[in-house]
1. Taking 0.36 nm per residue of separation and subtracting the Cα-Cα distance, what length does fully extending residue C:91 through residue C:3 add?
2. Taking each residue of A:56-63 in turn, how many C-beta atoms of other protein chains fall within 10 Å of its C-beta, and what is the average?
3. Which of C:87, A:82, B:128 has the fewest other C-beta atoms within 10 Å, and how do the rest follow up to the most?
4. If I take the rotation axis that carries chain B onto chain C, which residue of chain B has the nearest beta-carbon, and at how many angstrom?
5. Run through the other copies and list how far each one's label point is from that of residue B:58, in nm with one decimal, shortest first; the point sits 7 Å from Cα along Cα-Cβ.
6. In nm, to one decimal, how far is the modelled label at residue C:81 from the one at residue A:101, with both set 7 Å along Cα→Cβ?
7. Based on DSSP H runs of at least 4 residues, each adding -39500 (n - 2.57), what is the mean residue ellipticity at 222 nm of chain A after dividing by all its residues, to the nearest 500 deg cm²/dmol?
8. Taking each label point as 7 Å beyond Cα in the direction of the beta carbon, state the distances from residue B:28 to the same residue in the other copies, shortest first, in nm.
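Every read-out reported here was derived from the displayed coordinates using simple, explicitly stated rules and does not represent laboratory data. Everything quoted here is computed from the prediction, not taken from an experiment. All Cβ positions, glycine included, derive from the backbone under ideal geometry; neighbour counts span all protein chains shown.
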Amino acid sequence: MGDSISLVLFSGTDDKLNAAGAAAMGRKVHVFLQYWALDAFRSDRILKDHGVAPEAGPEGAAAFQRHGGQHWSEILRQAKDIGDVEIQACSLSMDMFGLGVADLDPLVDGQEGVAAFFLHAGGPVTFI
Amino acid sequence: MGDSISLVLFSGTDDKLNAAGAAAMGRKVHVFLQYWALDAFRSDRILKDHGVAPEAGPEGAAAFQRHGGQHWSEILRQAKDIGDVEIQACSLSMDMFGLGVADLDPLVDGQEGVAAFFLHAGGPVTFI
Amino acid sequence: MGDSISLVLFSGTDDKLNAAGAAAMGRKVHVFLQYWALDAFRSDRILKDHGVAPEAGPEGAAAFQRHGGQHWSEILRQAKDIGDVEIQACSLSMDMFGLGVADLDPLVDGQEGVAAFFLHAGGPVTFI
């Protein structure tokens, strides 16, 4: 795996997905999309407002909106352009939402099972 | 430590605990239960509905319920049967809830302090 | 990096920050403050009540308050005294909140960009 890292994206709020995009930038990364993060990658929803963590409160949410900056999907697109970033959807979560790969944004390279992901990851993973 | 990984379970919602069960399957894992995750392992509550992350929204929560599948406690039981999975409760969290090991599901092997857990973990941990 | 670990603190609730403090104690750690965790380190707010994760529910929140114990800022201060703990604020999050380093508690050593943090981190990071 060399210096590859493994990211499990679980949360689907825009603040967490921003942090995930930043963590993937310029690195060799294997990303696995589960639950609410997977839902956020649906091609018909990816640019929607996915909210922020509830702890942000109204003041934090307003600061987040005001700040703007690149959308996390654009950050991930750049990370894929310049680096070795692979994004896989969790098969079980796909099944839960009744989704096929065609329902997802082209950022997603395919789907795989949890066992395959963790076998590939080998060591520790970062769970976001 | 070989290829052992260390998981800190902090959250006690059923979606996160499902993800944790999947992460433990078939691997050599040392699990540490803190705060709301510990509370979810109480023997009188482990099979209760622990909800899902608030970001799921009503649509997500309904998809989660509908999907069913194995309960995370069953996944962890299988992970223990087939692999080298050790589950320890955080002593400080036990104290916070006023719990003894006898109050916890037999999945939990014992309790230990934070310092002992992190000493054992050595390298990076996955925090869920 | 030797046995140094890298922690990204994203959440700003007191339960998560307690867990982060425990993870930093007695280790060589590089901490990076993003979003709501950064907001919690403002010198005029650090000792305020930052709440707990919503899943705690009223019963959990009450147990957390009742338990007391050291504030996470005090745990981190001790971790810095006895170990090699460096705490950096994320430049992008600083910008989002309109903060300068002078607005932050002296626990924070400075600010850096995401790229610098992850370059320094090298391997896997723990995201809390």
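1. On the way: separation 88, 0.36 × 88 = 31.68 nm, distance 2.57 nm.
Gain on extension, residue C:91 to residue C:3, equals 29.1 nm.
2. Details: counts 4, 4, 0, 2, 6, 0, 0, 6.
Mean shielding count: 3.
3. Numbers: C:87 23, A:82 10, B:128 20.
With the fewest neighbours first, C:87, A:82, B:128 line up as A:82, B:128, C:87.
4. Here the value is B:124, 3.
5. 2.3, 2.3
6. If labels sit at residue C:81 and residue A:101, their model points lie 5.6 nm apart.
7. -12000 deg cm²/dmol
8. Here the equivalent label points are 2.4, 2.4 nm apart from this one.
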